[in-house]
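Nothing in this text is a laboratory measurement; each read-out follows from the coordinates by a stated rule. The structure presented is a predicted model; accordingly, all values stated were derived computationally and were not measured. Every residue, glycine as well, gets a Cβ built from its backbone with ideal geometry; the counts of neighbours run over all protein chains shown.
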Amino acid sequence: MLAWTIYLSFAGALLEALLPKDKPALARWSALAIALAGCGLAVLGFAAGVGHGRGVIADVPWVPSMGIRFTLAADGISLVLVLLTGLAAVAGVLFSWNIELRTNEFFAFYLALIGGVYGVFLSYDLFLLFVFYEIAIVPKYFLISIWGSTRREYGAMKLALYSFVGSAMVLIGLLAAYSSSGSRSTGLVQLAHAGLPVSFQMWAFPLVFVGFGILAGMWPFHTWAPTGHVAAPTAASMLLAGVVMKLGAYGCLRVAMGLFPHGMDPWGFSYLGIGSWRDVFALLAVIGIVYGALVALVQSDFKFVIGYSSVSHMGFVLLGLMTLNQIGMTGAVLQMFSHGIIAGLLFAIVGRIVYERTHTRQLAELEGMHLSKRLPFAAWAFVIAGVASMGLPGFSGFIAEFQVLVGSWSANPWWTGAAGVGIVVGVAYTWRALQLAFFSDAHPVAHIHEHGHELAAITWPEVAGVSMLVAVSLAVGLYPKMLLDAIEPAVKAMLAGGGQ
Amino acid sequence: MNYADLLRVTLPETALEVTALIVLIVDLGVLRGRTLRLRVVAAVLLGMFGCGVALMTIPLQAQGGLNFPGTDQLLLAAGGSATVAQVGILALTVLTLLLVFDSTFTRNVGEFVAVLLMAATGGLLIAAAQDLLVIFIGLELLSLGLYILTAFAKKSGKSAEAAMKYYLFGGMSAAFLLFGFSYLYGVTGSTNLHQIMQAMYGSNAINATPLLTVALVMVAAGLGFKVAAVPFHFWAPDAYEGAPAPAAAFIASVSKVASFALLISIGTAALHVFGDAHVVRFMVITADDHFPKYLGFATPWSFALTILAVASMVLGNLAALAQRSVRRLLAYSAIAHAGYILLALAYFSRTPVSAQAVMYYILTYGLTTIGAFGVVGAVERASGSDQMEAFAGLHRRNPVLAAILLVLFLSLAGIPPLVGFWAKFNLFAAVLGVSKGAVPFALVALAIAMSAVSLYYYLQVLKRAYVTPALDDSKIPVHPVTMTALIFIALWAVMMGVFPAILQVWMQSFYAAM
């Protein structure tokens, strides 16, 4: 059933491309229908798959001479991320409702991207995973460069090149693992059991981890993320932060850590407390958390605040992965889901609800607009999203980041201390943005009121999208067990080394 | 000599030559004074018919090929890479002919088609040749045809300039090649590839190592010219830019297939002789058969090829970044692709895996390139320029053409699930399958990094087509036949990418029979 999320999205992309150009409404509704159908399948698949371990969905030979198989399967981690993709896809369509330029092409690229993302999360063959991973790169370029805003061509090209360099590193690791395993297979399970030499894992692990980490916004390879997010149209930045960065983190977890677990073994010497690749990447994650938060604190562009906050929040995911214990890794996966929902919400508010009406994202200009009075819906939505993003109890972010911090405490208390600083700064930048953009009592900016124009009313897709994302974040925050039931056994199996 | 046997092996070549003559007779005789449109249709249809007949005769070829009379020395091979290459050459020639349909660069279309067919005949000969003399004849037949085709747009100064450059470089490289061949013959006493390899293995050739090295380097230089490897690539950008679109497509596809098939023949012959050790060991003499590690660099041949490969993929990709003309961009990207393939030829395996990977790559590359030149030609006719700016707003001016360009360029960049990705993966896996040493691994890593660079310039063109607004909104007309061919190529690139095993299995069937 879950496999149909992939086929449906690609078929939808093809359909959108063939739709007549002058019927944007048709393109919108059909895209919404396809996204909803995919989301429905994801929910059903999630409900059916929880508690059943790894379920194989499809497994047929693809390139027999090279041992490549078309293997789709889902464990708890995949299920959660597929669910996230389904939700984000629907929300993205809702927040793209006002796209008038080349509407059908927009949704064609959009659905192609979604299909690729579903595919990555469901692939259990390294080769297949890589194929889907690359499929997800190209549509992003066009989504940003055609429908984007600030410095869109620069942002799009930067993102495409970063992604492609990352995937080139992954491809090198893939070829190396394939040729040195001698198993004549690219199945994740087979490769994990191929007994790759430790010396090989030692250099393949960092290569592949960094390759995927680039897309996960790992410091110092994160610089594509803020510019890409800012340049992207709302739906694309929602997807970028919501699911595409998760592709990177998922690859780190499933491929780099799953196939080369010995790459995280100690080197046998240590320098300044760093004695393994695990320490290196945990350090980079912590730097990312703090750096992202600090940079977000001083941005003058509203969207850059959210862009850098994504870098900070993704740092928690990477830190959680590097704890290598049950609670930390569970937290990391939950954080992927949580950040996907919350970042999507934040980008939707900033990019669609505010920017499309005020035509500025400069906090200095928004300050004089009294948006809390003129756009109360946006203001309150941002309050909720901001609170969720800060990690207050009751929202999904809390339970996720809390678990990561607990996990990292038992791995290395220093990491937790530093990451805690990031949380504090996180409160500060969210508060600052909230205050400047919505609740400022600064004097009105002259030119806004000169024309005296009213801001357009909030439309139903916006209300629907915001409500959906808030509801999901709340639901997970209040009753995390529904996701944890899926994640925990899968993480346990991964840690035991047999789950792959 | 048994002429019946000779005819059986050279049936495809004969069919093409006869067709070329028929095309000339029909065009200059029967259809003299008729409209250009009619003559184009007649010439193209006849040419395609000839290719079809040639394709039909391939199964009739004698299994195992033709030996030199009275000896067991192979003259022309049949089966394996030779046959795959021949089928590929004929199929790509058909597609090139389809591009001629709406070309307007010449009135002498009969002559164009005839020369094209003769050049293709040269390609067929090279693909099968196992003897230095036949190789040289085939190469000259192909090259002379290509010079003429390049010059065919008589009203274009660029065309003449390109042809002149191509001719001068080509003549010089032929001299290099002949010089190398003469040394090879002098040292080993044979013109047969297998005999030469045998002799190299024997002691008398080992004593003449410096001469052999000179000979091999000369041969590598001569063939490096044919495949446009750096530093013998100078003709390529000019020829791609100046030649009429179908001629450029032909140079980029058929001529490449033939030249790489020849390199495969050389590699196969060498490994056939040297067997298990699969090292051409005449510089480092290590007779340790219990340790059959590939010494790659120990041989001047693979050393020369490696240097050509690295130089080509680095320089080709970097130079392509700076191009404004899409044709020149395609030329530099062709150089880069040649670099990847040369890497697989430098690390050649004893099993047919490498040969198949190279054939897979060059055939799919040739097909994609023909499609790309088809699109470039159509845009050029509408806007009079092949600069990137001419592609602006292509998605409005002709959405189908833009979609084709998207698929083909992404395939050239090696984005899955398109066929170009599989070709690259196959090729690099073959290199690593031969040797797990650090050097080949570093070379593959370099190649992959360079193909990441290549995405940038392919995207530059696609950006014009999809993102930049059009300068003028007029539609770009394409002849339905050409359009059908282009759509077929693009669909094929997608289908072969989604089901890559089909082509692999088809190719393997030729090797299995050997």
key: Peptide-level mean, for B:443-450, of C-beta atoms on other protein chains within 10 Å   = 4
ask   = Averaged over B:412-419, how many beta carbons belonging to a partner chain fall within 10 Å of each residue's beta carbon?
value = 4
query = Which aspartates and glutamates, on any chain, are close to A:Lys246 with Cα under 17 Å apart, when same-chain ones fewer than 8 places away are left out?
reply = A:Asp75, A:Glu134, A:Glu401
ask   = Over chain A, what relative contact order in percent results from Cα pairs under 8 Å that are six or more residues apart?
value = 15
message = For the pairs B:Lys436/B:Lys463; A:Lys303/B:Lys463; A:Lys303/A:Lys373; B:Lys155/B:Lys475; B:Lys256/B:Lys475; B:Lys424/B:Lys463, flag any whose C-alpha to C-alpha distance is greater than 30 Å.
response = B:Lys436/B:Lys463; B:Lys256/B:Lys475
message = Skipping prolines and chain starts, which residues have an amide H placed within reach, meaning under 5 Å, of the one on B:Ser349, given they are 5 or more residues away or on another chain?
response = B:Ser354, B:Ala355
query = In the neighborhood of A:Gly331, defined by Cβ-to-Cβ distances under 12 Å, what is the net charge if each Lys or Arg adds +1 and each Asp or Glu adds -1?
reply = -2
task = May I ask you to list the aspartates and glutamates whose Cα is less than 15 Å away from that of A:Lys140, ignoring any residue fewer than eight positions away on the same chain?
result = A:Glu105, A:Glu153
task = Sort A:Tyr141, B:Tyr3 so the one with the fewest other Cβ atoms within 10 Å of its own Cβ comes first.
result = B:Tyr3, A:Tyr141
note = By the Cα gyration tensor axes a ≥ b ≥ c (a/c under 1.5 gives rounded; else a/b larger than b/c gives prolate, otherwise oblate), the shape of region B:74-199 is oblate
task = Could you size up the charge dipole of the protein assembly as shown around its Cα centre, putting +1 on the beta carbon of Lys and Arg and -1 on that of Asp and Glu, and report it in debye to the nearest 20?
result = 860
key: Between region B:426-466 and region A:50-103, the alpha-carbon center distance in angstrom   = 27
query = Among A:Arg278, B:Arg324, what is the fewest-to-most ranking by other Cβ atoms within 10 Å?
reply = B:Arg324, A:Arg278
key: Distance from region B:488-511 to region B:19-51 (C-alpha centre basis), Å   = 32
key: Of B:Ala304, B:Phe391, B:Leu193, farthest towards positive along the dipole that unit charges on Lys, Arg, Asp, Glu beta carbons give the protein assembly as shown   = B:Phe391
key: Point-charge dipole on Cβ atoms (K/R +1, D/E -1) for region B:3-512, about Cα centre, debye to 20   = 1100
task = Measure out, as a whole number of angstrom, how far apart the alpha-carbon centroids of region A:348-399 and region A:236-289 sit.
result = 31
task = First check a/c for region A:9-58, with a ≥ b ≥ c the square roots of the eigenvalues of its C-alpha gyration tensor; if it is under 1.5, answer rounded, and if not, answer prolate when a/b is larger than b/c or oblate otherwise.
result = oblate
query = About the Cα centre of chain A, what is the dipole size in debye to 20, counting +1 per Lys and Arg Cβ and -1 per Asp and Glu Cβ, all else neutral?
reply = 280
inquiry  = Order B:100-108, B:374-382, A:265-273 from most to least packed using the mean count of other Cβ atoms within 10 Å.
reply    = B:374-382, B:100-108, A:265-273
inquiry  = Counting only other chains, and only Cβ atoms inside 10 Å, what mean value do you get across the residues of A:138-147?
reply    = 3
ask   = What ranking of A:Tyr479, B:Tyr466 emerges when the number of other C-beta atoms within 10 Å of each C-beta is taken as an exposure proxy, fewest first?
value = A:Tyr479, B:Tyr466
